[in-house]
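Only one structure is covered here, and it is reproduced in the block below.
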Amino acid sequence: MSTISDPRIGIALGAGSARGLAHVPFMEAIDELGLKPARIAGTSIGALLGAGWAAGLSGAGVRELSYQMLGSVNGLFGRLFATQMRSIRQSLRTGISIQLDPEQIFDSFTPPDFPASFSALKIPFTCIATDFNSWHQVAFYEGPLRPAVAGSLAVPSLYRPVHHQDRLLVDGGVTNPMPLDAVASDADILIGIDVNGDPQDWPENRIPSPLDIAFGSAQIMAHSLIANMIAAYRPDLYFRPRIRGVGAYEYWKVREIIAAGDADKDRFKRALTVRIEDFIAGRRRIS
């Protein structure tokens with residue numbers, strides 16, 4: 001007789017800048033069901049949140065940290081200003097352009113005792129970045145954690161690229177904004193969380209700024225990449241929180257963004273419970 005066991009859950013946390021905070025309720029939902037993913041994969045902010053989850057932070061803990069660190073404009077910009085000042089001082093010494101250092105961003109938004117390597121994580125984790133020189137995605141699942149996640153966070157122009165393992169890394173969302181492929185082979189139940197957001201409703205009398213056009217165009221490209229990924233690696237559960245009216249870097253709207261994920265939380269829990277029950281019933285029939 002075969003042994004009936006819980007299904008292996010693989011979850012892909014997508015890119016979306018500030019909108020990525022909508023991942024938090026889905027992390028909480030899995031925790032509240034008493035489950036643990038077999039593998040987590042993340043891109044950009046999904047990589048940062050996924051690394052925290054894999055390190056042992058609970059979804060509820062990530063929510064509380066997010067409120068504390070990002071819940072006000074002053075609190076957010078205090079952290080970013082300290083990071084920016086380090087970049088300015090470095091630019092005065094080296095003459096390089098002033099961009100945020102994603103490794104310092106990683107340090108600013110993770111606890112001091114955060115694991116240094118993938119091997120120290122409690123849940124297997126894959127981080128997706130983009131190699132600017134080869135134009136290909138790079139999947140990191142071993143070695144030092146900080147440069148891999150920082151590379152995944154390195155939004156072009158806003159953040160400096162990260163030199164790591166003879167590669168020049170930029171934002172993983174450039175090539176793979178929802179990395180289902182990084183967890184599909186390991187999963188009995190494959191979950192994709194898409195936080196790319198929805199189209200913005202622009203008033204007729206307002207012309208989007210160049211920055212709005214840049215970020216909006218990135219969303220459009222990510223939408224196409226995600227559609228192709230879903231076609232290639234069809235998830236058992238796919239959720240896309242409805243996030244409107246939130247700019248790519250309006251992290252201080254953390255409560256509003258997380259609330260968008262909260263709206264889907266109970267439905268996600270019910271859908272996942274049904275999938276698990278179906279999986280176990282199928283195993284019983286086989287045994």
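The values are calculated or read from the model by the stated rules, or taken from the named source; none is laboratory data. Since we're looking at a predicted model, the values are computed, not measured. Ideal geometry is used to build each Cβ from the backbone, glycine not excepted, and the neighbour counts take in all protein chains shown. Areas reflect the complete protein model, heavy atoms only, side chains present, ligands, DNA and RNA absent. Shrake-Rupley method; radii C 1.70, N 1.55, O 1.52, S 1.80 Å.
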Item checked: Residue list for segment 264-287, filter: loosely packed, with under 15 Cβ neighbours inside 10 Å and among the small types (Gly, Ala, Ser) -> Ala281, Gly282, Ser287
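Here's the yes/no breakdown for (1) open to solvent by 30 Å² or more (accessible area, probe 1.4 Å); (2) touching a His at 6+ places or on another chain (Cβ under 9 Å); (3) more than 28 Å from Leu272 (Cβ to Cβ); (4) at pLDDT 95 or above:
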residue	(1), (2), (3), (4)
Glu142	yes, no, yes, yes
Pro156	yes, no, yes, no
Gly172	no, no, no, yes
Pro179	no, no, no, yes
Ser185	yes, no, no, no
Ile191	no, no, no, yes
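Mind telling me which of the residues Pro235, Pro199, Pro203 ends up being in a loop (DSSP other than H, G, I, E, B), open to solvent by less than 80 Å² (accessible area, probe 1.4 Å) and farther than 27 Å from Glu28 by Cβ?
Exactly one of Pro235, Pro199, Pro203 is in a loop (DSSP other than H, G, I, E, B), open to solvent by less than 80 Å² (accessible area, probe 1.4 Å) and farther than 27 Å from Glu28 by Cβ, namely Pro203.
Let's see how each residue does on (1) touching a residue at least 60 places away in the same chain (Cβ under 8 Å); (2) touching an Asp or Glu at 6+ places or on another chain (Cβ under 6 Å):
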residue: Cys127; (1), (2): yes, no
residue: Asn133; (1), (2): no, no
residue: Glu142; (1), (2): no, no
residue: Ala150; (1), (2): no, yes
residue: Leu153; (1), (2): yes, no
residue: Arg160; (1), (2): yes, yes
residue: His164; (1), (2): no, no
residue: Gly172; (1), (2): yes, no
residue: Met178; (1), (2): yes, yes
Checklist line | Any hit, segment 247-267, residues being over 15 Å from Ala22 (Cα atoms), assigned to a loop (DSSP other than H, G, I, E, B) and out of contact with any Gly (no Cβ under 6 Å at 6 or more places or on another chain) | finding: no
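Pull up segment 93-140, narrow it to residues that are among the β-branched types (Val, Ile, Thr), surrounded by fewer than 19 Cβ atoms within 10 Å (Cβ to Cβ) and in contact with a helix residue (DSSP H, G or I) (Cβ under 9 Å, 6 or more places away or on another chain), then point me to the one that is modelled with the highest pLDDT.
Taking segment 93-140 first, the residues among the β-branched types (Val, Ile, Thr) are 94, 96, 98, 105, 110, 123, 126, 128, 130, 138.
After this cut, where a residue has to be surrounded by fewer than 19 Cβ atoms within 10 Å (Cβ to Cβ) as well, the list is 94, 96, 98, 123.
Okay, now just the ones that are also in contact with a helix residue (DSSP H, G or I) (Cβ under 9 Å, 6 or more places away or on another chain), so 96, 98, 123.
Details: Ile96: 44, Ile98: 54, Ile123: 98.
So, considering only residues that are among the β-branched types (Val, Ile, Thr), surrounded by fewer than 19 Cβ atoms within 10 Å (Cβ to Cβ) and in contact with a helix residue (DSSP H, G or I) (Cβ under 9 Å, 6 or more places away or on another chain), the one modelled with the highest pLDDT is Ile123.
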